[in-house]
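Peer 1: Supplied in structure tokens, the structure appears directly below.
The values are calculated or read from the model by the stated rules, or taken from the named source; none is laboratory data. Note that this is a predicted model, so its numbers are computed, not measured. Here Cβ is always computed from backbone atoms with ideal geometry, including for glycine, and neighbour counts include all displayed protein chains. Please note that ligands, DNA and RNA were not included when accessible areas were found on the heavy atoms of the full protein model with its side chains. Shrake-Rupley method; radii C 1.70, N 1.55, O 1.52, S 1.80 Å.
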Amino acid sequence: MTQLSTPPPAPFTSTSQSGAADYPGLDEWRSLPVSQQPSWSDAEAFERSVAELSILPPLVFAGEVDLLRHRLADAAQGRAFLLQGGDCAETFEAATADRISGRIRTILQMAVVLTYGAAMPVIKMGRMAGQFAKPRSSDVETREGVTLPAYRGDIVNGYEFTPESRAHDPRRMLQAYHTSAATLNLIRAFTQGGFADLRLVHAWNQGFTRNPAHARYESLAREIDRAVKFMDSCGADFEALKRVEFFASHEALLLDYERALTRIDSRTGLPYDTSGHFLWIGERTRELDHAHVDFLSRVRNPIGVKLGPNVTGDDALRLIDKLDPEREPGRLTFITRMGAKNIREKLPPVVEKVTASGAQVLWVTDPMHGNTVTSRNGYKTRRFDDVVDEVRGFFEVHHALGTVPGGLHMEMTGDDVAECLGGSDPIDEAAFEDRYESVCDPRLNHMQSLEMAFLVSEALTR
Ligand code: PEP
Ligand code: MN
């Protein structure tokens, strides 16, 4: 198995506990156009929430963020692969031990499939512990003649369709912080406390035995078991297998929240957004001279940008100049979400332009957001075949251009939900009535996710 090339820096360096009140430029975004922000109902409660967030401890640490940047640099060069997955929108209610462990277990299983198949280290990252803010195409939602503010994620308002729940409540930012802290605490316990030990590779496989991916995983787990036993007899030291690195990421949409959690690292004197290790800018908020790009250009975290089918090569170059002026390995990730129908045509010119400029970014595929359709019974869904087709297109394009297909970004869950159509134990529209749980976009369920991992592992080994 390939070893990661960079030695890990100390994971917990001291990050100043105080807010970054007067760091030059950090508040520049306030004077720029900004979209997708809430209209808070209570100015005083807003001030109190932001003041409290500014003095709460960081959720992640500067040393961990730097370590991730090194890992992503490996992925950009084809020496590792990024697996990033989780809910479209996390909710406070679903932040339970069972749900969180299910999602971690599914990501660990997918990572094992990819690592074993592709003989490459896999960087494991959740859309977790902070994925609470959603951009919306409309400010309002109308149901049966009643119009209310659209749901913007639990950090802003509630999903329940009542005026009280849909009001934008700034106290929710504090609840998002505490829910993220509890989620991270579980993630750290699961990934550092022995649950992620490779010797438990069988135990991660959950139910759903009728699915072909289940049997395929079992057989892979048996092979790994044999290899582990062999190494054991050879006297190998398995301490390192007990722990895995796991990073937290979310869309940095709600700028008041992101700004309040930004701290100056006492080692380097530089600002880190301590709400998550990796932050991305969504397709709807990536305008060059607007607030989101400006704010994220000023923090040290590795940054992602979603690129939809209308992006041009020049847009990509301008984003690189703004977000990664030093061309720092691992700093910038482009997450393409073009749609299965578009990717083979739209991605090549963008990649070519970036490559010709000499810049190196990490290219990741999000095969979900360009493939959303509405089912006949009115659910937002995606066809598993379209998702697979976009992934295949992504690999084809990069293989043809000699560039690196470096990661997979997915909306998925560890639960047996019915939200995306198809898969080898096919989900049909009728199943949505009972098992559709997402409050936002449809996710691959546990088995569809595992199936996806097998497909990607084949694409990586070709
Ligand atoms: C998302 O990741 O949930 C999302 C809204 O994506 P995009 O910005 O690509 O539309
Ligand atoms: Mn989504």
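Peer 1: Quick one: would you say LEU253 is of a type outside the set (S, T, N, Q) and closer than 21 Å to ASP366 by Cα?
Peer 2: Spelling it out, LEU253 is indeed of a type outside the set (S, T, N, Q) and closer than 21 Å to ASP366 by Cα.
Peer 1: Let me ask something else about it. Considering only region 91-113, I want to know if a residue exists there that is surrounded by fewer than 21 Cβ atoms within 10 Å (Cβ to Cβ) and within 16 Å of ligand 2 (Cβ to nearest atom).
Peer 2: Looking through region 91-113, at least one residue is surrounded by fewer than 21 Cβ atoms within 10 Å (Cβ to Cβ) and within 16 Å of ligand 2 (Cβ to nearest atom).
Peer 1: Is region 391-402 home to any residue that is part of a helix (DSSP H, G or I), within 16 Å of ligand 1 (Cβ to nearest atom), in contact with a Ser or Thr (Cβ under 7 Å, 6 or more places away or on another chain) and among the aliphatic types (A, V, I, L, M)?
Peer 2: Scanning region 391-402, I find at least one residue that is part of a helix (DSSP H, G or I), within 16 Å of ligand 1 (Cβ to nearest atom), in contact with a Ser or Thr (Cβ under 7 Å, 6 or more places away or on another chain) and among the aliphatic types (A, V, I, L, M), so the answer is yes.
Peer 1: May I pose another question? Please go through region 21-52 and give me each residue that is assigned to a loop (DSSP other than H, G, I, E, B), loosely packed, with under 12 Cβ neighbours inside 10 Å and of a type in the set (Ser, Thr, Tyr), ordered by number.
Peer 2: SER39
Peer 1: Do any helices (runs of 4 or more DSSP H) entirely within region 243-351 hold 1 or more residues that are in contact (Cβ under 8 Å) with a residue 60 or more places away in the chain, and if so, which?
Peer 2: Counting at least 1 such residues, we get 255-260, 291-297.
Peer 1: Let me ask something else. Confirm whether GLN131 is within 16 Å of ligand 2 (Cβ to nearest atom), open to solvent by less than 10 Å² (accessible area, probe 1.4 Å), part of a loop (DSSP other than H, G, I, E, B) and not small (Gly, Ala, Ser).
Peer 2: Yes; evaluated as a whole, the condition is true for this residue.
Peer 1: Only residues in region 401-429 that are of a type in the set (Val, Ile, Thr) count as the first member; pair them with residues that are modelled with pLDDT of 95 or more and in a strand (DSSP E or B), Cβ under 7 angstrom, at least 6 apart or cross-chain, and list the lot.
Peer 2: Qualifying pairs under 7 Å: THR403/TRP363; VAL404/TRP363; ILE427/LEU421.
Peer 1: Another question, if that's okay. Which residue is farthest from ligand 1 (Cβ to nearest atom), if the candidates are limited to region 373-390 and must be open to solvent by 60 Å² or more (accessible area, probe 1.4 Å) and farther than 10 Å from ALA340 by Cα?
Peer 2: Among residues in region 373-390 that are open to solvent by 60 Å² or more (accessible area, probe 1.4 Å) and farther than 10 Å from ALA340 by Cα, the one farthest from ligand 1 (Cβ to nearest atom) is ARG376.
Peer 1: Identify, from the list GLY414, GLY370, GLY407, the residue that is small (Gly, Ala, Ser), under 20 Å from the mean Cα position of the chain (by Cα), part of a strand (DSSP E or B) and crowded, with 20+ Cβ neighbours inside 10 Å.
Peer 2: GLY407
Peer 1: Moving on to the next point. Which condition breaks for PRO426 when tested against (1) away from ligand 1 (no atom under 16 Å from the Cβ); (2) of a type outside the set (Gly, Ala, Ser); (3) closer than 30 Å to ASN205 by Cβ; (4) at pLDDT 95 or above?
Peer 2: So PRO426 meets the others, but not (4).
Peer 1: Name the one entry in ALA236, ALA240, ALA221, ALA252 that is closer than 30 Å to LEU279 by Cα and away from ligand 2 (no atom under 16 Å from the Cβ).
Peer 2: ALA240
Peer 1: Can you name every residue in region 257-274 that is open to solvent by less than 30 Å² (accessible area, probe 1.4 Å) and away from ligand 1 (no atom under 16 Å from the Cβ)?
Peer 2: TYR257, ARG259, ALA260, LEU261, THR262, ARG263, ASP265, PRO271, TYR272, ASP273, THR274, listed by residue number.
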